[in-house]
1. Considering only residues that are loosely packed, with under 13 Cβ neighbours inside 10 Å and of a type outside the set (S, T, N, Q), look in the range 75-92 and name the one that is farthest from Glu54 (Cα to Cα).
2. Take the range 138-151 and flag every residue that is closer than 17 Å to Trp67 by Cα and surrounded by fewer than 21 Cβ atoms within 10 Å (Cβ to Cβ).
3. When the range 173-203 is examined, which residues are found to be of a type in the set (D, E, K, R) and either surrounded by 10 or more Cβ atoms within 10 Å (Cβ to Cβ) or assigned to a loop (DSSP other than H, G, I, E, B) (or both)?
4. All but one of (1) closer than 24 Å to Leu64 by Cβ; (2) in contact (Cβ under 8 Å) with a residue 12 or more places away in the chain; (3) over 13 Å from the mean Cα position of the chain (by Cα) hold for Thr171; state the number of the condition that does not hold.
5. Would you point out the residue of the range 45-61, among those that are in a helix (DSSP H, G or I) and under 16 Å from the mean Cα position of the chain (by Cα), that is farthest from Gly148 (Cα to Cα)?
6. Examine the range 111-118 for a residue that is at pLDDT 95 or above and farther than 25 Å from Lys49 by Cβ, and state whether such a residue exists.
7. Please verify whether the range 114-128 includes one or more residues that are among the polar types (S, T, N, Q), under 22 Å from Asp59 (Cβ atoms) and in contact (Cβ under 8 Å) with a residue 24 or more places away in the chain.
8. Are any residues in the range 113-131 surrounded by fewer than 21 Cβ atoms within 10 Å (Cβ to Cβ) and either closer than 19 Å to Lys150 by Cβ or among the charged types (D, E, K, R) (or both), and if so, which ones?
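The values are calculated or read from the model by the stated rules, or taken from the named source; none is laboratory data. Just so you know, these numbers come straight off a predicted model, no measurement behind them. Here the Cβ positions follow ideal geometry from the backbone for every residue, glycine too, while neighbour counts run over all protein chains shown.
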Amino acid sequence: MQCVKATRLTNRSSRRRFVARFWALRYASPKTAPLSARLNSGVRSRMNKIVVREVRSDDFSQWLQLWTGYNAFYGRSGTTALPHEITNTTWQRIFDPAEPVHALVAETNGKIVGLAHYLFHRSTIQIQPTCYLQDLFTEPQARGLGIGQKLIFSVYDLAKSAGSPRVYWQTHETNATAMRLYDKIAERSGFIVYRKILDSSET
């Protein structure tokens with residue numbers, strides 16, 4: 001196994017790069033390796049003045065607007081809105097090198113108009129990490145510009161850089177507009193998702 005030369009980690013960016021290299025060598029829970037390797041080296045999606053990049057800590061207010069809109073789209077608003085604790089924890093995890101959660105945003109003229117959250121996890125049927133694209137959202141006024149496709153393709157590239165051979169995601173059966181795009185750039189697996197919300201009072 002290759003050895004990672006010990007380096008004095010003087011700031012968060014250095015720590016993230018160190019951890020990225022470490023996990024890239026080990027094929028274990030990769031954190032920022034693909035992001036740093038691809039986006040920080042200048043590889044960005046630029047089309048129609050839209051830039052896909054890694055989210056930054058000063059993006060919070062704009063990210064929160066999109067995150068709120070995304071959750072509202074799936075019925076999580078008002079009395080059913082996500083607790084603030086979940087939103088804040090998700091945001092913190094994005095910047096934690098020990099977490100497998102990543103976030104990209106699409107930006108045009110200084111305004112964030114789209115987001116993508118993805119993560120890596122283990123699989124029992126392959127050695128490499130699997131990439132799950134959990135959240136994808138584009139501001140309604142910015143739809144039709146190919147932003148969703150740019151975000152997905154960026155995730156493809158970053159997953160490949162992390163050594164992952166597969167990216168997958170889910171969508172609601174009523175989301176016909178999104179599925180027209182997905183059918184062009186991916187394939188339907190044929191699997192149906194089952195879930196059970198566990199009540200802590202159940203034994």
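1. Gly78
2. At the first step, the residues of the range 138-151 found to be closer than 17 Å to Trp67 by Cα are 138-143, 147-148, 151.
Matches in the range 138-151: Glu139, Pro140, Gln141, Ala142, Arg143.
3. Step one: of the range 173-203, the residues of a type in the set (D, E, K, R) are 173, 180, 183-184, 187-188, 195-196, 199, 202.
Those that are of a type in the set (D, E, K, R) and either surrounded by 10 or more Cβ atoms within 10 Å (Cβ to Cβ) or assigned to a loop (DSSP other than H, G, I, E, B) (or both): Glu173, Asp183, Glu187, Arg188, Arg195, Lys196, Asp199, Glu202.
4. In the conditions (1) closer than 24 Å to Leu64 by Cβ; (2) in contact (Cβ under 8 Å) with a residue 12 or more places away in the chain; (3) over 13 Å from the mean Cα position of the chain (by Cα), Thr171 misses (2) alone.
5. Our first condition is that a residue be in a helix (DSSP H, G or I); within the range 45-61, this holds for 57-61.
Add one more test, that the residue is under 16 Å from the mean Cα position of the chain (by Cα), and what stays is 57, 59-60.
Working: Ser57: 22, Asp59: 19, Phe60: 20 Å.
Looking at the filtered set, the residue picked out is Ser57.
6. The answer is no, given that none of the residues of the range 111-118 is at pLDDT 95 or above and farther than 25 Å from Lys49 by Cβ.
7. no
8. Arg122
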